Amino acid sequence: MRIITLGCALAILVAGTVRAQQPDSTRRTKPDSAARADSIARADSIRLVRELERLDTPPRPGAAPSPPQQVGGPVNARLLPDISAIGEVIGDLSPKGSTQEDAGRFGIREVELALGAAVDPYFRADFILGLSDLEGIAIEEAYLTAVALPGQFQARAGRFHMPIGKQNTTHRAELHTIEYPYVIQRFLAEDAAKGTGLWVSRIFAPLGFYQELQITAVDRIGARPEDLTASERPNKELAGLGFSARLRNYLDVSSAANLELSASAATGRREQPVLNVNSGNAGLNAVNARQSLVAADLTFRWRPLQQGLYKSFILQAEFMRQLNEGAASVLGRADNDVATFAQYGGPTRGFNGAYAFARYQLSRRLYVGGRGDWLQDPEVGGETLRAASAYLQYFPSEFSKFVAGFERRFPSTGYEQAGPSELVQSRNRILLQATFAVGPHRPHPF
């Protein structure tokens, strides 16, 4: 600010000097006006010089402090955080009935309320609450981020979306599609897997392109199932915590295209069902079993420099494999009582799933996209579910989005006999989505 003020003073002084040296055509006709103008300019210059001298002179001991000078815009004296909200309105026009969880044709699926601000020069706090008619108020995310760690490290403490794969870290309202891919819904959670614990990440470039390593340790991966109760909590021992790691690699293919290739892994113990519980332990119906996940994702982005506002293309694909602990190993551990249960009902083999998504920008605000899903569903013994969907997106602005989607499911014969009824009966789905945001919302997913 002192430099800017000094620059203004010098500019006025120079302008006054130059004006004094140039012939004044109005002096003959208006000598009094010119004199008054020069007097005002000299007074302004003297006032600016005195202000600079006041700023550079330290206050005398015991002297009263000078009144604060109002500079720029208003000051946020209450330290209010940034507040924003995102709402989703979903319409389900599927011919066989609604496929929504509440069976409604139209409804507000969720409202996200976000608050965030810098705590001090070292930390930032973010809070995201999810509000819905079915779940009430839920803590989607709430974490403290350390932004001044040495060695270019960044750390979070709290609840956050787990960095497993590409789309799990994106909130549902900000997806390029209306719902998460089926592999994420079945292997992680319908509304993405979250964890409460610690997150450490670092960006580096030892090979000439950017890389980021993300490591987490959380209380558990995903929410605790409400209908399963084990004799002990999965995290009674530190080995039962949830751990994940993801390595992102970002490469510039050209001035208009880039490529992101990542690998992820996660492991933790989760409650799994058991059958034929003895009458003496009627309140227990689950044991703790280790479940792991390995994943790889690829994202290609193209946006030409000359038409970046009107043309773009995204191609994205993810593959995940779920690994489950065997029944003999589960029931043989010391923390699980073999005599209590007659039969293990959880998954004991590996399952695979994948999706591929593409989106092309037709104009500045109009996009068209499609996604293909393939899943070995662990809930029905690995029977195969395939699905294909198409989307039309319209963005009136960065604060609103309208999407129309059509999906066709192709369940296998075994899936039709044992699969979830909502996935078998409703082969064709027609979905509408309206998303609107107010306040300083997060940037769009990259």
* **Distance from the stretch 90-137 to the stretch 231-297 (C-alpha centre basis), Å** => 24 Å
* To do: Using label points projected 7 Å from each Cα along Cα→Cβ, tell me how many nm separate Val424 and Phe410, to one decimal.
  => 2.0 nm
* Unit Cα scatterers, Debye sum, the stretch 213-305: log10 I(q)/I(0) for q = 0.16, 0.22 Å⁻¹ -> -0.74, -1.03
* Quickly rank 82-90, 374-382 as a protection proxy: mean count of other C-beta atoms within 10 Å, highest first. => 374-382, 82-90
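For the ranges 140-153, 244-257, what's the packing order if you count other beta-carbon atoms within 10 Å of each residue, average per peptide, and put the highest first? Show your work: numbers first, answer last.
Details: 140-153: 13.6, 244-257: 15.2.
In decreasing order of mean packing, 140-153, 244-257 become 244-257, 140-153.
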* To do: Calculate the radius of gyration of the Cα atoms of the stretch 69-199 to one decimal place, then report Dmax, the largest Cα-Cα distance, as a whole number, both in Å.
  => 18.4, 68
* Column: log10 I(q)/I(0), Debye, Cα scatterers of the stretch 165-268, q = 0.13, 0.21 Å⁻¹ -> -0.61, -1.21
* Can you give the extra length, in nm with one decimal, that the chain gains between Gln417 and Leu134 once fully stretched, where that is 0.36 nm per residue apart less the Cα-Cα distance? -> 99.0 nm
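Expressed in nm to one decimal, what extension gain is obtained for the pair Val200 and Glu232 from 0.36 nm per residue of sequence separation less their Cα-Cα distance? Spell out each step's value before the answer.
Working: separation 32, 0.36 × 32 = 11.52 nm, distance 2.87 nm.
Separation in residues times 0.36 nm, less the Cα-Cα distance, equals 8.6 nm.
The numbers here are math on the coordinates, done by the rules we state, and not lab data. Bear in mind that the values here come from a model prediction, so they are computed numbers and not experimental data. Cβ atoms come from the backbone with ideal geometry, glycine included; neighbour counts cover every protein chain shown.
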